[in-house]
1. Could you tell me which numbered condition Asn158 fails, if it satisfies all but one of (1) within 18 Å of Gly90 (Cα to Cα); (2) surrounded by 15 or more Cβ atoms within 10 Å (Cβ to Cβ); (3) among the polar types (S, T, N, Q)?
2. Look through Asp214, Asp181, Asp193 and report the one residue that is among the charged types (D, E, K, R), over 17 Å from Arg70 (Cβ atoms), more than 14 Å from the chain's Cα centre (by Cα) and not in a loop (DSSP other than H, G, I, E, B).
3. Got at least one residue in region 176-187 being touching a His at 6+ places or on another chain (Cβ under 6 Å) and either of a type outside the set (Ser, Thr, Tyr) or at pLDDT 95 or above (or both)?
4. When you look at Asn142, is it exposed (fewer than 15 other Cβ atoms within 10 Å of the Cβ) and farther than 30 Å from Met1 by Cα, yes or no?
5. Residues of region 138-168 being in a helix (DSSP H, G or I), in contact (Cβ under 8 Å) with a residue 12 or more places away in the chain and farther than 26 Å from Pro212 by Cβ, which ones?
6. Quick check: is even one residue across region 191-198 aliphatic (A, V, I, L, M) and either surrounded by 15 or more Cβ atoms within 10 Å (Cβ to Cβ) or in contact with a Lys or Arg (Cβ under 9 Å, 6 or more places away or on another chain) (or both)?
7. Scan region 50-63 and give yes if some residue there is surrounded by 16 or more Cβ atoms within 10 Å (Cβ to Cβ), under 17 Å from Val4 (Cα atoms) and in contact with a Phe, Trp or Tyr (Cβ under 8 Å, 6 or more places away or on another chain), otherwise no.
8. Any idea which of Ala177, Ala137 is of a type in the set (A, V, I, L, M, F, W, C) and closer than 19 Å to Asn72 by Cα?
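The values are calculated or read from the model by the stated rules, or taken from the named source; none is laboratory data. Every value quoted in this text rests on a predicted model; they were computed, and no experiment measured them. Backbone-built Cβ (ideal geometry, glycine too); neighbour counts: all protein chains shown.
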Amino acid sequence: MIFVTGDTHIPIDISKLNNANFPEQKSLTKSDYVIVAGDFGLIWKSKPDNEENYWTKWLNEKQFTTLFVRGNHENYDRLETFPIVEMFGGMVRKISDSIFMLMDNQIFTIDEKKFYTLGGARSTDTAYRREGASWWAQELPNVQKCNDVVDFITERGNEVDYVVTHCLPTTILRILADWYDTDCLTDLLDVVDENTPNKKHWYCGHYHLDEPIDKLHMVLYNTIVRLD
């Protein structure tokens with residue numbers, strides 16, 4: 001089985017995955033997956049500390065395997081130090097034996113379902129954060145990455161069953177609320193949206209809401225969605 005949920009901001013919002021709030025986990029195995037749609041938050045400080053070690057062990061001992069895409073509240077520099085391995089037909093970073101980061105611009109086949117992943121989002125609180133310590137420029141794509149996404153998704157987008165990102169495409173964001181700022185990534189996600197015509201659903205986090213935007217796009221925060 002596959003479940004998708006929103007930001008965990010470890011340790012702030014990780015309680016959604018405890019036994020009381022997620023009782024379905026009692027019947028799961030390591031061949032079942034929970035996907036966090038960005039702002040996972042486990043890898044945050046410049047080096048591992050007791051808190052990170054505690055939550056890594058906590059998740060490793062769960063009966064499911066944890067997968068996540070990058071949000072904007074992640075330590076990008078440290079994430080880039082974890083080994084890259086092939087998994088589900090795409091490339092992931094192995095955080096631990098039971099925690100994996102789904103890399104950007106990939107199509108993963110999990111339980112015969114195809115997932116396209118593209119993380120990142122623009123931080124709105126950069127005035128209160130410090131580059132390289134609590135904010136990283138890699139949260140938004142550069143020109144080369146944008147070009148790579150366009151090339152990949154226009155060629156293979158028709159394969160995709162589900163899209164998991166951290167933020168929404170510009171067009172869909174305008175439906176959610178017209179006062180949200182847009183940027184190069186939300187515009188890029190418009191291209192992804194247009195070129196994934198067969199998708200069943202698009203899931204994201206970031207906005208701290210649990211709200212379906214239309215028949216395809218859904219923002220998750222505390223909700224844990226099971227995919228049929």
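1. (2)
2. When all the criteria are applied, what remains is Asp193.
3. no
4. The answer is yes for Asn142.
5. Within region 138-168, Gln138, Lys145, Cys146, Asp148, Val150, Phe152, Thr154, Arg156 meet the criteria.
6. Yes, some residue in region 191-198 is aliphatic (A, V, I, L, M) and either surrounded by 15 or more Cβ atoms within 10 Å (Cβ to Cβ) or in contact with a Lys or Arg (Cβ under 9 Å, 6 or more places away or on another chain) (or both).
7. No - not one qualifying residue is present in region 50-63.
8. None of the others qualify; the one that does is Ala137.
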